Amino acid sequence: MATPMENENPNFARTATSFRNFVSKDPDSQFPAESGRYHLYISYACPWASRCLAILKLKGLDKAISFSSVQPLWRNTKENDEHMGWVFPDSDTEVLGAERDHINGAKSVRELYDIASSNYTGKYTVPVLWDKKLKTIVNNESSEILRMFNTEFNHVAENPSLDLYPPNLRAIIDETNEWIHDGINNGVYKCGFATNQETYDVEVKRLYEALDRCEDILRKQRFLCGNTLTESDIRLFVTVIRFDEAYAVIFKCDKRLVREYYHLFNYTKDIYQIAGMSSTVKMDHIKQNYYGSFPSINPLEIIAHGPNIDYSLPHDRHRFSLESDYTRLELFESASFVCELKLIEIFDSLG
């Protein structure tokens, strides 16, 4: 998620994350994958944090890894300090979906970083994967947390067979992740925080080239890397689910809406309807944050009412699995026909 300092950068280059340790299924590692040991701090508004929550849900790690969300609006993170960032509500009922920090009693995400490192000078971002035993941040890089959740906790996962980064698809997943991140995930921010028309024109062109590329791919197959759900789909989903409700207005990404892309829109509904995914989307948090936390582009913090899209409506993406089944049936029938011809030839030769 963007921070105020990044907003001043016309090229919107994100700062590298600082905590890069890895939870491992090796019981002798510094951070072994133990049930109940880790807590994931997120914001439902933040796409980078939400994609980690999505993998947690898809893998069925709810009972093994606890999680909680900050409130959606940025606030002062420390008294007598101008820094604005993620803060926890004062009570569990103050903001629906957000909770007090029951793990450390912190008032802000900034405090978590201060607990983990007294001399920390970086940005105070989410997601944060917290080690409750060692009372420190393990990792705050979402792309690495995705991989940990995908493989290292399988012994305590309810869906251990689900592999969102399978070996046979890793090359195409890595390639897809790169252009999705640059053109779409980060692309909407580059459009929104462009400081001149020339920069905006360049970035919006790149954004829609990437979206058009998605539409073309999804015209032919159910997901980005084939007919199998992968990590790339989760990375794309967290942006397109926010697109029409927030980015189209606040970031001026209005050349074409996601719901105006036939295949991309049905794809978004398809992923939203996967068990567990809808619970990772809280549109009220999303809109409060984007419309209320960027004074440079929306100083009056007025929140748009629409369009209130119902992503639970039917979609047509199941047709790809049906087509695959039909293709397999055709191949089977064709093979059977060839076998029958061979048998006839054999009987004729014997006669």
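The values are calculated or read from the model by the stated rules, or taken from the named source; none is laboratory data. These numbers come from a predicted model, not from an experiment. No Cβ is skipped: glycine too gets one built from the backbone with ideal geometry, and neighbour counts run over all protein chains shown. SASA here: full protein model, heavy atoms, side chains in, ligands and nucleic acids out. Shrake-Rupley method; radii C 1.70, N 1.55, O 1.52, S 1.80 Å.
Assorted remarks:
- Accessible solvent surface per residue of the chain, calculated while the other protein chains remain in place, 1.4 angstrom probe, Å²: 47
- Dipole of the chain, positive end: most advanced residue of Thr195, Pro299, Ile173 [Cβ charges, Cα centre]: Pro299
- Label-to-label distance, nm, for residues given as Thr195 and Asn159 (7 Å Cα→Cβ offset): 4.3
- Per-residue Karplus couplings for the stretch 39-53, computed as 6.51 cos²θ - 1.76 cosθ + 1.60 with θ equal to phi - 60°, are listed in order as 10, 9, 8, 9, 10, 5, 6, 7, x, 5, 6, 5, 5, 5, 4 Hz, Gly and Pro entered as x.
- Classification of the stretch 169-320 by its C-alpha gyration tensor yields an oblate form. The axis ratio a/c (a ≥ b ≥ c) is 1.5 or more, and b/c is at least a/b.
- Percent carbon-and-sulfur accessible area, the stretch 245-306, ignoring ligands, DNA and RNA, probe 1.4 Å: 55
- In order along the stretch 216-224, phi translates into HN-Hα couplings of 5, 5, 6, 5, 10, 8, 6, 10, 5 Hz, rounded to whole numbers, per the Karplus curve 6.51 cos²θ - 1.76 cosθ + 1.60 with θ = phi - 60° and x for Gly and Pro.
- Shape of the stretch 276-317, Cα gyration tensor, a/c cut at 1.5: prolate
- With every protein chain in place, the stretch 151-201: carbon and sulfur % of accessible area (1.4 Å): 48
- Placed amide H near Phe223: partners under 5 Å, 5+ positions off or other chain: Thr228
- In this label model, Asp316 and Glu260 are separated by 2.0 nm, measuring between points 7 Å along each Cα→Cβ vector.
- Simple Cβ-charge dipole of the chain, Lys/Arg +1 and Asp/Glu -1, about Cα centre, in debye nearest 20: 500
- For Asp163, neighbours were defined as the other residues whose beta-carbon sits under 12 Å from its Cβ, and their charges (Lys and Arg +1, Asp and Glu -1) total +2.
- Cα shape, the stretch 38-150, gyration tensor, a/c 1.5 rule: prolate
- Positive contributions from Lys and Arg (+1) and negative ones from Asp and Glu (-1), summed over other residues with Cβ under 10 Å from the Cβ of Asn150, come out at -1.
- Of the cross-linked pairs Lys205/Lys252; Lys57/Lys107; Lys57/Lys282; Lys107/Lys135, those separated by over 21 Å at the C-alpha level are Lys57/Lys107.
- The spacing between the stretch 124-188 and the stretch 40-79, judged by their C-alpha centroids, is 13 Å.
- Remark on Thr136: its backbone amide H falls under 5 Å from those of Asp131, a criterion applied only to residues 5 or more positions apart or on other chains, H modelled at 1.01 Å from N.
- A simple spin-label model places pseudo-atoms 7 Å from Cα toward Cβ; at Asp26 and Arg170 they are separated by 1.6 nm.
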